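J.: This is the structure I want to talk about, given as structure tokens.
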Amino acid sequence: MDKLLYSKRETALILGISVRSVENLIARKLLLSRRVGRRRLVTSASIQQIARQDIPIITGTSDDSSDSSVATTCDLKRHANDIR
């Protein structure tokens, strides 16, 4: 049976982004998660959905927008098969 829920760290590894970026996506409600005890777990369906979309992921903050590093999930689609 495939996993239904993944930790924030596992989600970050699957999508090829940082844990902080996963937390940002959860806060923006772009990744669905469930609270299980003290842990926040991300649904596998949500991971698959975000891997198929072109959602900008802000990986840094800067006053000058030209300096901010932005990656899209388009760059991360190759990791979508890892969750199966």
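J.: Of the residues in region 40-69, how many are part of a strand (DSSP E or B) and at pLDDT below 85? Can you show your working first?
T.: Initially, region 40-69 is screened for residues part of a strand (DSSP E or B), giving 40-43, 56-58.
Subsequent filtering for residues that are at pLDDT below 85 retains 56-58.
Summing the residues that are part of a strand (DSSP E or B) and at pLDDT below 85 in region 40-69 gives 3.
J.: So Arg34 passes all but one of these: (1) modelled with pLDDT of 90 or more; (2) assigned to a helix (DSSP H, G or I). Which condition number does it fail?
T.: Unmet condition: (2).
J.: Sticking with this one: Pick from region 14-23 the residues that are farther than 11 Å from Ile47 by Cβ and of a type outside the set (Val, Ile, Thr): which of them is surrounded by the fewest Cβ atoms within 10 Å (Cβ to Cβ)?
T.: Arg20
J.: Name the single residue, out of those in region 3-13 being more than 12 Å from Thr43 (Cβ to Cβ) and among the aliphatic types (A, V, I, L, M), that is farthest from the chain's Cα centre (by Cα).
T.: Leu13
The values are calculated or read from the model by the stated rules, or taken from the named source; none is laboratory data. Just so it is clear, the structure is predicted and the values come from calculations on it, not from any experiment. Heads up, the Cβs are rebuilt from the backbone with ideal geometry, glycines too, and the neighbour counts pull from every protein chain shown.
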